[in-house]
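The values are calculated or read from the model by the stated rules, or taken from the named source; none is laboratory data. Everything quoted here is computed from the prediction, not taken from an experiment. Ideal geometry is used to build each Cβ from the backbone, glycine not excepted, and the neighbour counts take in all protein chains shown. Note: accessible area is taken over every heavy atom of the protein model, side chains too, but ligands, DNA and RNA are not part of it. Shrake-Rupley method; radii C 1.70, N 1.55, O 1.52, S 1.80 Å.
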Amino acid sequence: MATRKKVFYILLILSPLAFIFLSLFVGRYPLSISSIVNILICKITANPCNLPDQYNSIVWEIRMPRAILGALVGGALAISGASFQGLFRNPLVSSGLLGVSSGAGFGAALAILLFSSTSYTYVFAFFFGGLAVLASYLIGRTYNTTPAIMLVLGGVIVSSVFSALISFAKYVADPYNQLPTIVYWLMGSLATARYHDIVIGGIPMAAGISGLIAIRWRINVLSMGDKEARSLGIDTVVNKGIVIACATLATAGAVCVSGIIGWVGLVMPHIGRMLVGNDNKVLIPASLSLGACFLIFVDNLGRLITGSEIPLGILTALVGGPFFVYLLKKTKGGGW
Amino acid sequence: MKKVLALRALILVLLLIVSIIVAGCSGGYQSAFRPPVGAKKAETITVRDCAGRIVEVPVKVERIGCLYAFCGHVVAMLGKGENIVAVVEGLKRDKLLTEMLPNIKEAAVPSTGGAVNLEELINADPDVVFIRGETARSEGEMEKLAKSGIPYLIVDYKNIKEQQYAIDLIGQVTGAREKAQRYNKYYRRCIERVQKDLEAVPANKRVRVYHSVNEATRTDARDTLPADWMQVAGANNVSVNQDLKLIEDKYFAGLEQIILWDPAVILVNEAGVADYILNSRQWFSLSAVKNRKVYQMPNGISRWGHPGSLETPMAILWTAKTLYPDLFSGLNMVSETKFFYKEFYNYDLPEEVVLQILSGKGMRVSKESAR
């Protein structure tokens with residue numbers, strides 16, 4: 001049994017790495033497999049390569065950071081989705097559906113408006129992301145007969161209010177300096193990923209992710225309900241707060257580097273549940289790994305299908321939308 | 001029950017009062033209703049706009065609506081800027097233009113994001129309105145404008161010839177055709193001048209150029225003004241005729257595509273982007289970056305060579321000289337720039353401002369510091 005568990009965890013860590021490795025072979029520039037392998041070997045053995053600089057630059061400066069960032073963003077979105085689902089005992093929620101993504105996007109836009117620079121964007125993104133969850137939660141509590149649906153409805157309201165606020169921020173922004181910056185931030189794509197982005201966006205994402213992994217067993221307890229959790233000696237308010245803060249931090253980091261990407265946070269935890277079951281102790285890391293793999297996969301798909309890359313959001317929505325309908329049908333709008 | 005009824009009645013009465021007050025205020029002193037179409041028309045001329053529509057406009061145009069920033073720049077260049085009564089938000093934020101024409105600050109803004117606010121437009125009471133091609137592609141917008149009774153002209157262009165026609169059209173309508181023709185004559189002269197010397201360079205020897213528009217990876221697609229003027233200026237524009245990513249109405253290239261094209265020269269129209277490209281590890285392997293051939297384009301009233309810029313002839317001269325310095329050693333950009341703004345905008349520029357324009361820092365900034 002113990003060895004099976006070990007194999008499982010090794011698989012969880014290895015599969016995103018395998019996806020990152022494979023995505024080094026996908027792109028517009030025609031690079032032969034052998035030259036890519038050569039470049040990798042050169043770098044590892046620290047030998048100078050006698051291949052053109054372009055090759056090195058494409059593999060190490062363009063494809064590699066893009067894949068790493070994709071893995072981080074996908075993982076962050078999926079793990080926060082899984083945590084929100086466990087926390088609210090609601091299979092229909094995720095960072096996107098609770099309004100965290102739009103809230104964070106608005107926070108980033110507001111920071112650019114107020115300070116005309118991008119230095120405060122993360123703080124604002126985090127703050128407004130948190131505000132959005134809180135608002136969705138409070139709206140969801142107003143009517144208690146169908147809490148699962150009400151929470152989703154609350155999220156819909158909150159995220160459309162924040163989307164409207166984003167449009168408003170764009171409207172009042174200075175078209176020469178602020179507007180392009182805001183659009184650039186919100187549009188964010190993995191296409192121009194640099195190591196610099198990985199460092200800056202990676203800090204909040206990594207912090208949120210590790211926080212969630214560290215307290216994942218408490219999500220199990222919290223998901224049993226407030227009374228049960230309290231009877232086990234868990235401070236529900238503090239623990240809920242920590243989970244929400246970590247999930248919001250991870251989402252805000254993801255939104256800041258790659259814009260709003262929907263559906264990953266909803267769909268990946270469910271696929272995880274199909275594979276490993278309902279136990280959050282296993283499900284949380286599984287979602288992280290699946291989300292990372294999925295986003296790299298979708299990003300590569302977008303690069304392969306047409307010459308001019310298809311934006312990530314389109315592909316994730318095409319997969320996620322129908323899946324959400326299936327979930328609604330399966331859960332009949334209740335909890336589980 | 002009675003209480004509820006009374007409350008409802010009260011609310012209704014209040015609503016009625018508020019709506020009457022609001023209606024009274026928004027009407028303003030100018031009547032929201034124009035006389036029936038045809039009644040006011042004393043003398044008219046007919047013109048053909050950029051979409052090929054034949055439009056009847058009054059001979060004497062004293063109130064102009066510019067719902068496209070480019071038209072505002074043209075009208076100002078033609079010396080009719082005082083007549084502008086309605087603009088788009090972008091023109092109001094144009095420091096240089098509002099300094100030349102303070103009336104723009106007071107002008108109405110009857111359009112946001114391409115949608116026309118008809119009441120606001122009628123309230124501004126323009127004799128003619130210029131709208132952009134994108135607005136005209138929406139049937140609803142066209143119908144709305146037709147209902148207003150205000151003659152509207154579509155201004156749109158995809159190449160040099162069409163841009164020249166757009167300038168000529170605005171000249172015809174505003175009664176400044178002579179100046180418009182003078183501008184277009186200069187425009188054509190610039191092209192002829194450059195083309196004559198470029199005959200010496202065969203097509204396969206033309207410099208391969210990547211043109212970065214505002215953002216590092218935003219660039220030109222085929223059938224656009226930049227594609228045309230760059231070709232005229234002797235550049236072999238690498239992104240034209242390629243698969244580009246279209247986001248809203250902007251075209252973007254992928255980093256791998258740019259590396260694949262490996263342009264010899266990169267022209268950048270936004271301050272700061274050139275430094276970004278020169279210092280980025282992702283762009284580092286490009287020949288243009290290695291040979292330090294990344295140039296910041298000049299920025300005057302608008303960014304030279306931008307799709308919506310009126311300073312296209314200047315962009316052509318500057319680009320030709322930048323790409324082929326030996327061929328155009330006789331071309332003095334400083335005196336040419338000075339002449340251009342004096343001749344067409346009646347602006348006497350001191351030497352240091354000219355140098356700032358040419359270095360891409362722009363008149364927008366320098367105008368304030370020059371004082």
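When the Debye formula is applied to the Cα atoms of the protein assembly as shown, each taken as the same point scatterer, what base-10 log of I(q)/I(0) results at q = 0.06, 0.08 Å⁻¹? So the normalised log intensities work out to -0.46, -0.77. Under the criterion of Cα pairs below 8 Å and six or more residues apart, the relative contact order for the stretch A:121-190 equals 21 percent. With the helix formula -39500 (n - 2.57) applied to DSSP H stretches of n ≥ 4, chain B reaches a computed 222 nm mean residue ellipticity of -13500 deg cm²/dmol. Ordering A:Y122, A:S210, A:V100 by the projection of their Cα atoms onto the charge dipole of chain A, which places +1 on the Cβ of Lys and Arg and -1 on the Cβ of Asp and Glu, puts A:S210 at the extreme positive end. Buried surface between chains A and B: roughly 2500 Å² of accessible area, summed over both sides, computed with a 1.4 Å probe on protein heavy atoms only. Distance distribution note for the stretch B:44-175: the fraction of Cα pairs above 24 angstrom is 19%.
Going by accessible surface with a 1.4 Å probe and the largest first, B:D228, A:D53 read A:D53, B:D228. Largest first, the residues B:Y186, B:Y276, B:Y68 sort by 1.4 Å accessible area into B:Y276, B:Y68, B:Y186.
Taken residue by residue and averaged, Cβ atoms of other chains lying within 10 Å of the Cβ of A:61-68 number 3.
Solvent-accessible surface of the stretch B:186-370, averaged per residue with a 1.4 angstrom probe and all protein chains in place: 41 square angstrom.
Under the convention that each Lys and Arg Cβ holds +1 and each Asp and Glu Cβ holds -1, the size of the dipole of the stretch B:253-371 around its Cα centre is about 180 debye. Legend: mean number of C-beta atoms from other chains within 10 angstrom of residue C-beta atoms, peptide B:253-263, equals 6. Report in % the part of the accessible area of the protein assembly as shown that belongs to carbon and sulfur, leaving out ligands and nucleic acids; probe 1.4 Å. Whole-percent figure for carbon plus sulfur exposure: 61.
Rounded to the nearest 500, the 222 nm mean residue ellipticity of chain A from helices alone is -25000 deg cm²/dmol, with -39,500 (n - 2.57) taken per DSSP H run of at least 4 residues. With the biggest extent put first, the Cα atoms of the stretch B:186-370 measure 45, 39, 32 Å across the principal axes. Per-residue shielding of B:277-290, expressed as the average number of other chain Cβ atoms within 10 Å of the residue Cβ, stands at 3. Taking other residues whose beta carbon is less than 12 angstrom from the beta carbon of B:I64, and scoring Lys, Arg as +1 and Asp, Glu as -1, yields -1.
If you sort A:T251, B:T46 by accessible surface, 1.4 Å probe, largest first, the order is B:T46, A:T251.
The alpha carbon centroids of the stretch A:23-82 and the stretch B:284-345 are separated by 37 Å. Rg and Dmax, both from the Cα atoms of chain B and both in Å, are 24.3, 94.
Of the whole protein surface, B:H306 contributes about 40 Å² of accessible area at a 1.4 Å probe radius.
Taking 4.7 Å between beta carbons as the limit, the unpaired Cys residues of chain A are A:C246, A:C256, A:C293. Net charge dipole, the protein assembly as shown: roughly 1800 debye, given to the nearest 20, about the Cα centre with Cβ charges of +1 for Lys and Arg and -1 for Asp and Glu. Solvent-accessible surface (1.4 Å probe) assigned to B:R206 amounts to roughly 60 Å². Normalised by the number of residues in chain B, the mean separation of alpha-carbon contacts (under 8 Å, six or more apart) gives a relative contact order of 13 percent. Of the whole protein surface, A:S34 contributes about 80 Å² of accessible area at a 1.4 Å probe radius. Mean sequence separation of contacting Cα pairs (under 8 Å, at least six apart), scaled by the length of the stretch A:198-336, corresponds to a relative contact order of 26 percent. For chain A, a Gaussian network of Cα nodes joined below 10 Å ranks A:A214, A:A76, A:A292 by mean-square fluctuation, and the top entry is A:A214.
Seen against the Cα atoms of chain B and their longest principal axis, helix B:312-323 is set at about 20 degrees. Rounded to 0.05, the FRET efficiency of the A:L134 and A:R4 pair, given R0 = 51 Å and the Cβ-Cβ distance, is 0.80. Mean-square fluctuations from a GNM of chain A, with a 10 angstrom spring cutoff on Cα atoms, peak among A:P48, A:P285, A:P180 at A:P48.
Between 0 and 90 degrees, the angle of helix B:333-345 with respect to the longest Cα principal axis of chain B falls at about 20 degrees.
Relative to the longest principal axis of the Cα atoms of chain A, helix A:236-258 runs at roughly 30 degrees. When each of the peptides A:135-145, B:235-245 is scored by the mean number of other C-beta atoms lying within 10 Å of its residues, the order from highest to lowest reads B:235-245, A:135-145.
Dipole size of the stretch A:63-331 about its Cα centre, with +1 on Lys/Arg Cβ and -1 on Asp/Glu Cβ: approximately 460 debye, rounded to the nearest 20. Take the alpha-carbon centre of the stretch B:242-278, take the same for the stretch B:132-155, and report the distance between them in whole Å. Centre-to-centre distance over Cα atoms comes out at 34 Å.
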